[in-house]
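Accompanying notes for the structure given below.
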Amino acid sequence: MQRRHGNGDGDEGGARARQHRPRRGRLIVGALAGVCALAAAGALLLPRPPGTGADGGDAARTAGSHATGRAGTTGDTGMTGGTGNTGMTGGTGGTGDGIGGGTGRGRFAADETCDRPEARSPAPSRDETGETIRRIKERGYLRVGVDQNSYGWGYRDPNSSQERVELSGFDIDLARRIADEILGHRAPGEPPNIRFAAVPTSQRIPAVQDGRVDMVVRTMTITCDRLDDVAFSAPYFTTGQQVLAPAHSGITGYDRSLAGKKICTADGSTARLRLEKDRAAGKPAVAEADIRPVVPNQLDCLVRLQLGEVDAVVTDSALAASQAAQDPSVTLMGEEFTEEYYGVAMSRDSEDLVRRVNAVLRDYVADGGWERAYDEWLEATMKKPADPPPAVYRD
């Protein structure tokens, strides 16, 4: 039996539509000042905040994962390899094979009747006696697969004046909250409780299955097909597929205006799967479009769009909004044509960890942490009030 749970406490239970209010935190404005490379050349220049110096600090400016590992200092894993972001080293021992709540193996059973994948996660629990959580505690840090190229979600700010540019964004804040609740907050100078590994879109599931990370927090949509490979937390964000194209391209959305156009998607993304499915079904939007352009990472689609190599991008509206904020010459076209939910991906053998993460998500929304992160990282680009999705569990 499924149970619907509100994301708030007390009389305010459930996801509530909040009144729009001024964004807290930094407001980053401006435009994408240059073009990032598809391989090893070029640089991603994010919008410069008002009042920064001429150089904006000595920051990592490449769109690929060129930042070096700083284990023992910031807890980041080594991240190498151009736009592929496939290098993941340091702190990757263990498989994360776990016991659900300390009461037996927490293996998720395949569900051939899955029609609401966002409602298949187990109910929250603060129990930390399971094998997966025990191994994480013994190790002393959480290994999390993330993006470092998605503005507002997981990225390194090239305008930062800090000596070492840390990863920041909505997904990064959530990952840090999970680590703090499971392992305890670490004061400056103490060993870090989290290590990040940059993973491309197509490698999110393999990174979990191979035990390279304990979880992936990387704008990953919960789908029935993916539930055959990984387990997901309850949803933490609602989005949908949308078209991104140059403002004066004549493209109006996911419709016949795409005829004869080249459409870019990321390998392994729900956008890619949707285009392939619609092409097979003969849908007018893609029947006469070229959907062959595929890249390892979503940001590469924006680069190809800027270079004129493709005519449009299909991706989650949340990511498209961030890319439009980076480059004002492109804009979101039409309406969202799907409804999707982001979740934290974990091993199917780690039900104890999944339940614990669901408890973190519930607390994160209830105490205002989710809304504060949204206000800081996403409100300026999404241009709508914070509205976390309601949690619906399988039990």
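The values are calculated or read from the model by the stated rules, or taken from the named source; none is laboratory data. No experiment lies behind these values; they were computed from the predicted model shown. Heads up, the Cβs are rebuilt from the backbone with ideal geometry, glycines too, and the neighbour counts pull from every protein chain shown. Accessible surface areas use protein heavy atoms only, side chains included; no ligands, DNA or RNA. Shrake-Rupley method; radii C 1.70, N 1.55, O 1.52, S 1.80 Å.
Can you give me the accessible area per residue for the stretch 209-270, using a 1.4 Å probe, in Å²?
So the stretch 209-270 comes to 32 Å² accessible per residue, rounded to a whole number.
How large, in percent, is the carbon and sulfur part of the accessible surface of the stretch 237-343 at a probe radius of 1.4 Å?
49 percent
Per-residue HN-Hα couplings for the stretch 224-231, Karplus 6.51 cos²θ - 1.76 cosθ + 1.60 at θ = phi - 60°, whole Hz, x for Gly and Pro?
4, 4, 5, 5, 6, 10, 9, 9
Between residue 224 and residue 338, what length in nm is gained on full extension when 0.36 nm per residue of separation is reduced by their alpha carbon distance?
Here the answer is 39.6 nm.
Excluding residues fewer than 8 places away in the same chain, name every one of the lysines whose C-alpha is closer than 23 Å to that of residue 261.
Leaving aside lysines fewer than 8 places away in the same chain, those within reach of residue 261 are 277, 283.
What translational diffusion coefficient, to the nearest whole µm²/s, does the stretch 305-373 have by Stokes-Einstein, given a Kirkwood radius computed over alpha-carbon pairs, a temperature of 10 °C and 1.306 mPa s viscosity?
Once the numbers are plugged in, D ends up at 103 µm²/s.
Ignoring ligands, DNA and RNA, what percent of the 1.4 Å accessible area of the stretch 160-218 is carbon and sulfur?
C and S atoms contribute 44 percent here.
Calculate the spin-label point distance for residue 134 paired with residue 329, positioning each point 7 Å from the Cα along the beta-carbon direction, and give it in nanometres.
In this crude label model, residue 329 to residue 134 measures out at 5.8 nm.
Using the 2.2 N^0.38 Å rule of thumb for compact globular proteins, work out how the stretch 248-353 stacks up: its C-alpha Rg over that value, please.
Taking the Cα Rg and dividing by 2.2 N^0.38 Å, one obtains 1.15.
Just subtract the alpha-carbon distance of residue 164 and residue 116 from 0.36 nm times their residue separation and send over the number in nm, one decimal.
Net length gain for the segment: 13.1 nm.
What is the set of long-range amide H partners of residue 252 at a cut-off below 5 Å, with H atoms built 1.01 Å from backbone N?
257
Given H placed on each backbone N at 1.01 Å, which residues far from residue 121 in sequence or on other chains put an amide H within less than 5 Å of it?
394
May I ask you to derive the FRET efficiency for residue 277 and residue 187 from their Cβ-Cβ distance with R0 = 41 Å, giving the value to the nearest 0.05?
About 0.25, to the nearest 0.05.
So, in nm, how far is label residue 249 from label residue 309 when the simple model puts each one 7 Å beyond its Cα toward the Cβ?
Between residue 249 and residue 309, the label points sit 1.5 nm apart.
Would you work out the charge dipole size for the stretch 139-186 about its Cα centre, treating the Cβ of every Lys and Arg as +1 and the Cβ of every Asp and Glu as -1, and quote it to the nearest 20 debye?
220 debye
From the phi of every residue in the stretch 277-294, what ³J(HN,Hα) in whole Hz does the Karplus formula 6.51 cos²θ - 1.76 cosθ + 1.60 yield, where θ is phi - 60° and glycine or proline is x?
Each residue's phi maps through the Karplus curve to give 5, 5, 5, 5, 8, x, 5, x, 4, 10, 4, 10, 9, 9, 9, 6, x, 9 Hz.
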